[in-house]
């Protein structure tokens with residue numbers, strides 16, 4: 001099953017311990033507690049569940065939901 005924007009948001013909220021409603025599409029996720037360990041966990045989760053292949057470094061350069069959606073080819 002393909003990764004959707006809703007699933008992307010839910011997974012990010014889950015690893016950050018936040019409500020989905022508190023995760024904006026246009027703000028730096030580092031400000032919400034994203035670190036390299038959490039980012040690697042997300043990439044692993046998406047690879048295992050959705051077959052997503054992306055470099056952690058690419059996501060780390062632009063830690064914003066909207067940027068990740070574009071990078072991962074997810075329609076917004």
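The values are calculated or read from the model by the stated rules, or taken from the named source; none is laboratory data. In this text the structure is predicted, and so the values were computed from the model without any measurement. Cβ placement follows ideal geometry from the backbone for every residue including glycine, while neighbour counts extend to all protein chains displayed.
Observations on the model:
- Residue match in segment 1-11 (condition: outside any helix (DSSP H, G or I) and surrounded by 12 or more Cβ atoms within 10 Å (Cβ to Cβ)): yes
- Across segment 12-24, the number of residues qualifying as surrounded by 12 or more Cβ atoms within 10 Å (Cβ to Cβ) and either assigned to a helix (DSSP H, G or I) or at pLDDT below 95 (or both) comes to 8.
- Some residue of segment 52-72 being on the phi > 0 side of the Ramachandran plot and more than 11 Å from the chain's Cα centre (by Cα): no
- Residue among 42, 34, 72, 29 that alone is crowded, with 16+ Cβ neighbours inside 10 Å, within 14 Å of residue 4 (Cβ to Cβ) and in contact (Cβ under 8 Å) with a residue 24 or more places away in the chain: 72
- Selection from segment 51-68 of residues that are in a helix (DSSP H, G or I) and either within 17 Å of residue 15 (Cα to Cα) or in contact with a strand residue (DSSP E or B) (Cβ under 7 Å, 6 or more places away or on another chain) (or both): 56, 59, 60, 65, 68
- Pairing residues of segment 1-25 that are free of Cβ contacts under 8 Å to residues at least 40 places away in the same chain with residues that are assigned to a loop (DSSP other than H, G, I, E, B), at Cβ distances under 8 Å and at least 6 apart in sequence or on separate chains, gives 13/19; 13/23; 15/34; 16/23; 16/33; 16/34; 17/33; 18/33.
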